[in-house]
Amino acid sequence: MYCRTLYATFRRNFIIQLRAYPKDFFIGNVLTAIYIAISAFFMYHLLFNGQMKDSFAAYAGTTDYVSYVIIGNCMHLLMVRTLLNVSRSLITELREGTLESLMLAPFQRVQYFLGNMLQQTVTTSGEVAVMLLVCLPFGVRFSGFNGPAALIGLILSLISYFSISLILAALMLYTRDTYISQNTLFAVLFLICGVAFPVQYLPQPLQCLARGIPVTVSLEIIRNSTLGGMGLAAQTGSYVRIAVMSAVYCAAGFALIKRVESAALEKIFG
Amino acid sequence: MLIAENLGKTYETKDWSGFLRRKCTQVEAVKDVSLEMQKGQIIGLLGINGAGKTTTIKMLSTLLQPTKGRIDVDGLDGVKDAMKVKKRINMITGGERMIYWRLTARENLWYYGQLYGIENRLLEARIQKLLSMVGLSDKQDIPVERFSKGMKQRLQIARGLINNPGYIFMDEPTLGLDAAIARELREYVKDLARNDGKAILLTTHYIQEVEELCEYVYVMDKGAVIVQGTPKELALMGIENKVLCLELNENHELLHASLTDACMSIEKDCLILWDDKNKTYTITSRQDMSGIVTRVLLEQQAPFRNFYHQEPSLEDAIIKLSRRGA
């Protein structure tokens, strides 16, 4: 009863996705992720000759570069898709001509955004699972897998991605732009949050910036729980950090959306 | 009852007036609009493009916040209680927007029903009732993208009624539809007001629709209501000249001179036109010429088929009133 907008939006998006992109979209996403994994594999074996600097092991907590990059890319895919789906939801409604009818209804925004996110999470989880299976022959190994720690880390990661997407949604709605804002953000997050290499290699100011973004903490937690074998207790500090950051981003995101939404509606409907 | 009092909407537009300087301009889109909607009544909101009709409707439907004035919907404040007001109102527009093309008709109504928080059992019954009302029961499981324009518009009506609103705002609902479907839609609208007791506010550019449907009309121009009344009252307000038509059975040579003399004696610059093909006189004047024309007809014993005042047209009246302005 209380989550009807959430469930309805989840179901609506699922039906639309099945009708609009039956297979090709799914396959396309899996293939993109696999290309990235394969390029990491060849880079490690052909370019680095299977050798990493000692500093890599010290910063990353593992010497397994291929697994490090593949896990980083899986989480990056989850993040990109969550951000895309949640933050573009209102602007998509505008483009499809349904924003007016949506705004006429007395629905809760948080449920609407969560519905969008959950549908995407389900689809992307399938893509990530397929991607990991395909990457097994290339040497991806969960050498230190801790199930509960990884599960909690994954849930907190999704919440943190959701919180960032709210801020991006406000930005997109205000500028009525999707491509420039989203692609800039994704490129920045890929470069500074430790998707392909530890953040410690970055210059100090960028490291400070990276520490303020929940994606960096999310990647640390997932890698520590899948490659480093760290349990819940050992990562309490990281869990608290990501939870606090998500709460701050969520609060800022909802406040921004509330403010931007009325201004945007004035622009759109006025 | 829905009451709007002194509604106003001012926009601020910013334009570059120099290299780094932006000039703010205030545009008053709606000024002091007051209107009332009662259950079971269809009200027309007319005016030329840019008159402020759509902005007014969007304020009434909570999509835009008025910068001035008050909206009261059954005792609820249209701005402060917007979430409660949304449950009592809905909007139907022309065109093919406001519905999800990749969903079926049934799925569309189900989704909107969920957004309005309608109980599942009630929602299912309402969906079936609405689909049957708009004649889409047998097409309910087909994605909307395969619908014709008329079917999409009918689904729009069903969507606009999903929350069983007391007040419905219709913004050019028959835009782009062919005559047969437009007529069908007008019948739905009539039914909604007369049988279901809905209050409907209709904006349209088709005057025939207003004459057929509306009991009361507001005419807007440059953001303000310039005149209001029943369609008949408005038509009379717009006319400055009276038009008298006299249809003869055959040519009557003597009549022309007598008629011209008699009419000119009352009003020097009256206009008398003779249509030889239809054998009809059209006399346009500020004063009523029926008395003098009757006298001339009796004097000349001219046989005639018909003799009547031409009905004032609402369309002409609205154009004239809009041009004349407040």
Open item on the list: What FRET efficiency comes out for B:Asp72 versus B:Asp15 if R0 is 41 angstrom and r is the Cβ-Cβ distance? Round to the nearest 0.05.
Closed with: 0.65
- [ ] Using just the helices of the protein assembly as shown, give the 222 nm mean residue ellipticity in deg cm²/dmol: DSSP H runs with n ≥ 4 each add -39,500 (n - 2.57), and the total is spread over all residues, rounded to 500.
- [x] -17500 deg cm²/dmol
Task: Approximate spin-label separation A:Leu151-B:Met264, in nm, with each point projected 7 Å along Cα-to-Cβ - done: 10.4
Task: Residues in region B:170-213 reached by a label modelled at B:Lys232 [backbone nitrogen below 14 Å; 7 Å Cα→Cβ] - done: B:211-212
Task: Proximal aspartates and glutamates relative to B:Lys190, as straight alpha-carbon distance under 14 Å, when same-chain residues fewer than 8 apart are discounted - done: B:Glu209, B:Glu211, B:Glu212, B:Glu215
Open item on the list: Report, in listed order, any pair from B:Lys53/B:Lys84; B:Lys58/B:Lys198; B:Lys86/B:Lys222; A:Lys267/B:Lys222 with a Cα-Cα distance greater than 22 Å.
Closed with: B:Lys53/B:Lys84; B:Lys86/B:Lys222
Open item on the list: Could you tell me the center-to-center distance, by alpha carbons, between region A:168-193 and region B:23-77 in angstrom?
Closed with: 36
Task: Extension reserve of the B:Asn6-B:Leu298 stretch, reckoned as 0.36 nm per residue once the Cα distance is removed - done: 99.6 nm
TODO: Measure nothing fancy, just the Cα-based angle from helix A:214-226's long axis to the longest principal axis of chain A, in degrees from 0 to 90, nearest 10.
DONE: 50
Open item on the list: Run through region B:221-264 and list the GluC sites (Glu not before Pro) located in a DSSP loop whose Cβ has at most 15 other Cβ atoms within 10 Å.
Closed with: B:Glu240, B:Glu250
TODO: Using a/c under 1.5 as the rounded threshold, could you call region B:133-207 rounded, prolate or oblate? The axes a ≥ b ≥ c are square roots of the C-alpha gyration tensor eigenvalues, and prolate needs a/b larger than b/c, oblate otherwise.
DONE: oblate
TODO: Kindly provide log₁₀ I(q)/I(0) values, in the same order as q = 0.07, 0.12, 0.16 Å⁻¹, from the Debye equation applied to equal alpha-carbon scatterers of chain A.
DONE: -0.26, -0.76, -1.28
TODO: Rounded to the nearest 10 degrees, what's the angle between the helix A:24-42 long axis and the longest principal axis of chain A, both from Cα atoms, 0 to 90?
DONE: 30
TODO: Give me a single rounded figure for A:106-117: the average over its residues of other chain Cβ atoms within 10 Å of their Cβ.
DONE: 2
Task: Two-decimal ratio, region A:2-50, of alpha-carbon radius of gyration to 2.2 N^0.38 Å - done: 1.92
TODO: Just report the Cα centroid separation between region A:1-65 and region B:260-323, whole Å.
DONE: 82
Task: Most fluctuating residue given options B:Ser132, B:Ser265, B:Ser17, as computed from a GNM of chain B linking Cα atoms under 10 Å - done: B:Ser17
- [ ] Using only Cα atoms, tell me the angle between helix A:179-192 and the longest principal axis of chain A; keep it within 0 to 90° and round to the nearest 10.
- [x] 30
Task: Rg and Dmax of region B:1-49, Cα atoms only, in Å - done: 17.3, 56
Task: Total formal charge among the other residues, if their Cβ is under 14 angstrom from that of A:Thr216, Lys/Arg +1 and Asp/Glu -1 - done: +2
- [ ] State, in angstrom, two size descriptors of region B:77-153 derived from its alpha carbons: Rg to one decimal place and Dmax to the nearest whole number.
- [x] 13.6, 42
TODO: Enter the mean projected area of the convex hull around the alpha-carbon atoms of chain B, in nm², rounded to one decimal.
DONE: 24.0
Open item on the list: Could you identify which residue out of B:Lys242, B:Lys53, B:Lys222 has the top mean-square fluctuation in a GNM of chain B using Cα springs shorter than 10 Å?
Closed with: B:Lys242
Task: Spin-label model distance (nm) - B:His309 vs A:Ser143, 7 Å beyond Cα toward Cβ - done: 10.0
TODO: Quick one: plug the Kirkwood hydrodynamic radius of the protein assembly as shown (C-alpha pairs) into Stokes-Einstein at 10 °C, 1.306 mPa s, and report D in µm²/s.
DONE: 55
- [ ] Choose one answer from B:Val219, B:Val30, B:Val243: the residue with the largest mean-square fluctuation in a GNM of chain B with alpha-carbon springs under 10 Å.
- [x] B:Val243
Task: Calculated FRET efficiency for the pair B:Lys84/B:Arg121, C-beta based, R₀ 25 Å, to 0.05 - done: 0.60
- [ ] Would you grab the residues whose amide H sits under 5 Å from the one on B:Met170? Only those 5+ places off in sequence or on another chain, please, with H modelled 1.01 Å from N.
- [x] B:Ile92, B:Leu201, B:Leu202, B:Thr203
Task: Spin-label pair A:Ala129/A:Phe25, simplified geometry with 7 Å Cα→Cβ offset, distance in nm - done: 1.9
Task: Length-normalised contact order of region B:102-163 in % [C-alpha pairs under 8 Å, at least 6 apart] - done: 52
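Where a number appears in this text, it was derived from the coordinates with a stated rule and is not lab data. Not measured: the values here are computed from a predicted model. When we count neighbours, we look across all protein chains shown, and the Cβ atoms used for this are built from the backbone with ideal geometry, even at glycine.
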